[in-house]
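To keep things clear, I will list the structure first and then write my remarks on it.
Quick note: the coordinates plus some simple rules give every number you see, no bench work behind them. Because the structure is a prediction, the values reported are computed rather than measured. FYI the Cβ positions are ideal-geometry reconstructions off the backbone, even for glycines, and counts take in every protein chain you see.
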Amino acid sequence: MADLGYYKMHALIIDDFENFRGTLYKMLMDLGIGNVDTAASGEEALRFCKARTYDLILCDNNLGKGKSGQQVLEELRSTENPCSDSLFILVSAESSKSIIMAAYDYEPDAYLAKPITPKALDQRLGRLIEQRAELKAVQAAQKAGDYQQAIKLCKELIAGGSRHANSCQKLLGQLYLAVNDVAAAEALYRTVLDNRELEWAQLGMVKTKLAQHDYLGAQQWLENILQGNPLCMKAYDLQAELFKLQNDTEGLQNILQKATDISPLSILRQQALGDIAQQNNDLVTAANALRRAVKLGEHSCFDKAEVHSLFAQTTIDLHSIDKELAKPLVRDAISCIINYEDNFGKTQLKKAESLLLESQLQVCAGDQRRAQEALSNAQTVLGNTKDADALPVQIEMVRALRVLGKTDEAQRRLTDLLQHYASNEDQLQKLDVLLDEPRSEKNKLMVAEINKKGIAAYNAKDFSAAADSFKIALQKLPNHVGLRLNYVQAMIDKLKSNFEQSTNEKIQQAFTKASAIISTQHPQYQRYRQLNEVYTNLVKAYEKNSRG
Amino acid sequence: MTPTTDQPSDNGNTGQVPIDFAFVLASSVHDMKNSLGMLLHTLAAMMEISPPKDAEQARFFSTLEYEAARINGELVQLLSLYKMDEKTLAIVIDEHHAIDIIEEQIARNDTLLKSRNIDIQIDCDSDLVWYFDNELVGGVLNNLIVNCARYCKKQLLVSATEENGFLCIAVADDGQGYPDNMLLGPLPQAAVSFNSGNTKLGLLFARKVLELHKTKKGQGYMTIANNGPLGGGVLKLYLP
């Protein structure tokens with residue numbers, strides 16, 4: 001093999017077993033690699049990688065406690081550090097890339113299956129380094145943002161019959177899309193596809209169609225790919241993007257649900273599913289996805305404070321409509337929120353926020369004493385701050401007071417806040433979440449529009465569509481009685497035409513929430529009573545029918 | 001691959017949960033494979049610390065390593081077959097150089113081939129590219145090499161050529177050739193006979209992998225023959 005400059009290279013071995021580190025160390029030294037460091041854990045390795053650049057990283061996937069090899073890779077690739085484009089070889093006893101590939105969002109440069117022989121290592125390294133050398137100029141141009149130059153170099157390599165023409169083609173397609181030369185990208189992918197139905201070219205066609213705003217075309221290519229390979233995670237991601245572009249929140253939730261079923265270890269998809277399900281007011285799906293996202297975040301660089309607080313909040317919301325469904329989540333939510341400060345930095349606001357969430361969760365867990373304690377602590381920490389930054393925490397305070405049954409104090413605080421922000425549209429929008437009628441112009445308009453749309457669907461007897469539009473508005477205005485009753489009414493009509501248990505459960509949940517927020521003085525109280533009666537009779541009739 | 005535990009479990013009124021035997025097997029195979037990985041590594045470390053003192057010890061080590069590697073390969077195949085059956089095996093067909101996959105599998109078995117003094121030759125145009133899932137086909141080829149290393153005398157030949165629009169990868173040996181029942185009989189539909197001492201799992205796996213490769217031209221297949229270029233058997237894999 002030609003001189004690949006091994007002696008100039010600096011390599012890092014990551015493995016939790018000393019033996020394996022020793023064996024690999026010797027192999028790399030025997031190959032003539034000049035400098036080899038070793039790390040026993042992902043955390044240690046990442047410290048090394050902040051301090052210096054490695055040409056090559058050999059990392060075992062299973063590192064015992066702490067980060068996995070994949071998580072090390074994700075962190076290196078997705079954050080600023082000297083090793084963000086080091087050659088990364090994932091070593092695994094699993095051997096099969098199919099196990100690993102489906103689960104994560106970043107792919108290593110190569111996989112090596114244990115046991116590794118010196119010759120196999122030599123050969124694999126040789127190929128990777130040779131490929132990297134050949135594509136070096138292209139990648140440098142691409143990294144520098146000089147896409148035209150990168151395109152020119154790619155074309156030269158292909159024309160010159162490079163051994164890596166296949167990689168060049170893939171790269172070229174991406175570059176065309178990056179400079180928005182959609183026609184060239186389409187031509188390239190079509191030429192490839194004329195010869196073989198290769199997945200990467202099909203995915204390229206989807207991206208091309210998205211760039212052309214040809215959503216129908218993109219959809220057809222996606223269906224084609226998923227029919228051939230139902231495990232193609234990149235296709236799910238593009239499908240999600242397509243739904244997002246079309247504002248189809250139900251479709252987006254469904255596709256993320258499918259993707260996370262196949263590949264439950266991807267933290268980003270779990271987070272996205274939790275987010276969209278929460279927006280769709282599907283609290284059961286949201287809370288469960290968020291719980292998984294919190295769990296996966298333990299060693300991941302993609303962990304975010306918002307995911308933790310959203311998990312706590314969603315669990316509290318779920319508890320308010322269905323105690324049984326929330327029960328298995330409450331304990332996890334409490335421990336997640338207790339560690340919140342430690343994980344995401346200590347500030348007064350974070351501390352108050354976590355105490356307020358804890359207080360509400362302790363009510364869900366049935367521990368009034370702890371709930372009260374956390375609330376008092378939060379009040380001490382928060383004090384009388386009128387800082388605009390504190391508004392989300394003030395809102396949390398009102399929620400907590402309500403959950404703890406201190407409705408008068410909650411109302412006092414809310415009135416204060418409304419006065420304080422009376423002329424601030426942005427802050428009013430945030431406060432609307434606590435109100436039964438929005439104060440901000442934007443949300444007033446939204447309710448009017450949603451009602452118009454929902455009622456039109458209702459009159460056209462499309463009860464599912466009507467319920468869906470009310471449901472999404474309820475996420476922003478959970479205390480809006482009129483919207484909630486509209487939702488209930490649409491759902492009852494849906495249940496009339498087809499008695500489905502899932503619909504029935506959702507109606508029960510909506511009633512639970514409605515009875516918690518409606519007072520007997522409310523102008524819609526009469527309507528609430530009537531709807532409740534219609535519903536009860538419907539259920540009775542159904543039960544009688546199914547018995548008879 | 002997280003197994004779902006909340007499958008409907010109502011089996012009449014007995015309250016007994018039926019055993020999904022395939023799943024139980026697959027999980028325990030997975031577990032065994034991890035143990036075996038540890039075993040192989042410990043073995044390598046041991047040989048590192050105390051290298052064989054004489055030819056006899058070297059033979060013992062090599063037998064240990066060979067048999068463990070063989071079990072490992074078999075378990076990998078079992079898992080892959082299970083996943084094919086469950087439709088959870090990702091197959092990614094792309095363009096690859098034939099020479100790469102051949103050299104890779106030979107390098108993987110370097111220790112084994114050396115310890116048995118086997119001379120292995122490659123006959124393949126280094127520019128020959130084809131379309132396949134390199135990991136699955138690599139697995140099949142690995143099996144073939146390990147198997148032939150057991151039955152050949154001292155020579156193996158791996159070649160790759162294009163034949164009628166198919167890529168043909170052939171592994172030939174200088175052994176006694178394949179037995180008649182393998183030459184004549186249809187290839188096994190499922191892993192067969194506990195008695196023969198050979199489950200033919202490797203062949204089943206190979207056939208399944210080849211079937212996963214299909215184009216308008218047709219699908220992958222294999223042939224087995226004797227009196228090959230080295231006088232022994234020759235097994236050919238055809239990929240469209």
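List of remarks:
- From phi via Karplus (6.51, -1.76, 1.60), per-residue ³J(HN,Hα) for the stretch A:366-375 in Hz, x at Gly/Pro: x, 10, 5, 4, 5, 4, 5, 4, 5, 4
- Remark: A:315, B:88 ranked as B:88, A:315, counting other beta-carbon atoms within 10 Å and listing the fewest first.
- GluC sites (Glu not before Pro), loop per DSSP, at most 14 other Cβ atoms within 10 Å - longest free stretch of chain A: A:81-499
- The lysine pair tally for the stretch A:71-195, using Cα distances under 15 Å and a gap of 8 or more places or different chains, is 6.
- Neighbour net charge for residue B:81 - beta-carbon separation under 14 angstrom, K R +1, D E -1: +2
- Amide H partners (placed H, <5 Å) of residue A:88, local residues excluded: A:57, A:109, A:110
- Computed from phi, the 3J(HN,Hα) profile of the stretch A:481-497 under the Karplus parametrisation 6.51, -1.76, 1.60 (θ = phi - 60°) reads 5, x, 4, 5, 5, 4, 4, 4, 4, 4, 5, 4, 5, 5, 5, 4, 6 Hz, with x in place of Gly and Pro.
- Mean separation of Cα contacts under 8 Å (6+ apart) over length of chain A, as relative contact order %: 6 percent
- Proximal lysines relative to residue B:217, as straight alpha-carbon distance under 19 Å, when same-chain residues fewer than 8 apart are discounted: B:208, B:236
- Potential lengthening between residue B:164 and residue B:58 on full extension [0.36 nm per residue; Cα-Cα distance subtracted]: 33.6 nm
- Estimated FRET transfer efficiency when R0 is 30 angstrom, pair residue A:234-residue A:43 (beta carbons, to 0.05): 0.50
- For the pair residue B:117 and residue A:35, label points projected 7 Å from Cα toward Cβ lie 4.6 nm apart.
- In the stretch A:282-387, lysine pairs with alpha-carbon atoms under 26 angstrom apart (chain gap of 8 or more, or interchain): 15
- Structure-based [θ]222 nm, chain A - -39500 (n - 2.57) summed over DSSP H runs of at least 4, per residue, nearest 500: -22500 deg cm²/dmol
- Label-to-label distance, nm, for residues given as residue A:461 and residue A:323 (7 Å Cα→Cβ offset): 4.1 nm
- Derived scalar couplings between HN and Hα for the stretch A:173-189 equal x, 4, 5, 4, 5, 5, 8, 6, 8, 5, 4, 5, 4, 4, 4, 4, 5 Hz in order, rounded to whole Hz, by the Karplus curve 6.51 cos²θ - 1.76 cosθ + 1.60 (θ = phi - 60°), x for Gly and Pro.
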